[in-house]
Amino acid sequence: YAMHQVGDDSVSELAANYFQTLEKRQRWAENFAYLSPPVLAQLLYDRIACSDLSTQLRYLDFVAQAHQQLKDRFYPLVFADKELTPPEYQEFRRSFPVSSYQPQLEAGKVWPLWGGLVAWALLVAVSVPFLYKRSSLQK
């Protein structure tokens, strides 16, 4: 436990910086996507499917919290050098919270992407007839 805790502590700042960099990259990609309809559509589909980077980062936070709960409940038993009887072990297993990650669709983060796609569609809808008329006049 001590070896793992020292390892976790020694890289915690690096890990925090890494996750901040990933979040910055995601924000940059979202901003850039407004210039490219295919990228914008892909980000929108990823967000709707809850398979985007922000969902992945929330999942990693969930795993870290679950791991911390496990350490908080299990390691005191290890260090107390207490042997559990089968009924105590069964009670320990029943008392431990079992949870699973359920990604949530964040509607507030979907609508701006939809708005960007609608803006591109309107731009195309307005400009195509104008460009067609202009090209037919030049012939």
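The values are calculated or read from the model by the stated rules, or taken from the named source; none is laboratory data. Bear in mind that the values here come from a model prediction, so they are computed numbers and not experimental data. Cβ sites come from the backbone with ideal geometry, for glycine too, and all protein chains shown count toward neighbours. The accessibility values were calculated without ligands, DNA or RNA, using every heavy atom of the protein model including side chains. Shrake-Rupley method; radii C 1.70, N 1.55, O 1.52, S 1.80 Å.
Numbers at a glance
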| item | result |
| --- | --- |
| Heavy-atom accessible area order for 127, 136, largest first, 1.4 Å probe | 136, 127 |
| Using θ = phi - 60° and Karplus 6.51 cos²θ - 1.76 cosθ + 1.60, couplings along the stretch 11-22 (whole Hz; Gly, Pro as x) | 10, 4, 5, 4, 5, 4, 5, 4, 5, 5, 5, 5 |
| Extension gain from residue 93 to residue 119, taking 0.36 nm per residue of separation minus the Cα-Cα distance | 4.0 nm |
| Estimated vicinal HN-Hα couplings, Hz - the stretch 71-79 in sequence order (Karplus 6.51, -1.76, 1.60; Gly, Pro = x) | 4, 5, 8, 8, 5, x, 5, 5, 6 |
| Cα-based Rg and Dmax for the stretch 29-139, where Dmax is the largest Cα-Cα distance (Å) | 26.4, 92 |
| Gain upon complete extension [residue 136, residue 22; 0.36 nm per residue less C-alpha separation] | 36.2 nm |
| Integer Hz, Karplus 6.51/-1.76/1.60 couplings in order for the stretch 59-64, x for Gly and Pro | 5, 5, 5, 4, 5, 4 |
| Among 76, 15, 108 - extreme Cα towards positive end, dipole of the chain, charges at beta-carbon | 108 |
| Rounded FRET efficiency, nearest 0.05, which uses the C-beta distance separating residue 4 from residue 111 and R0 of 41 Å | 0.45 |
| Accessible-area composition of the chain, carbon plus sulfur, in percent [1.4 Å probe] | 64 |
| Where the chain is the region considered: accessible area per residue in Å², 1.4 Å probe | 78 |
| For the stretch 8-67 versus the stretch 76-139, the gap between their alpha-carbon centres in whole angstrom | 10 |
| Ratio of the Cα radius of gyration of the stretch 38-95 to 2.2 N^0.38 Å, where N counts its residues | 1.91 |
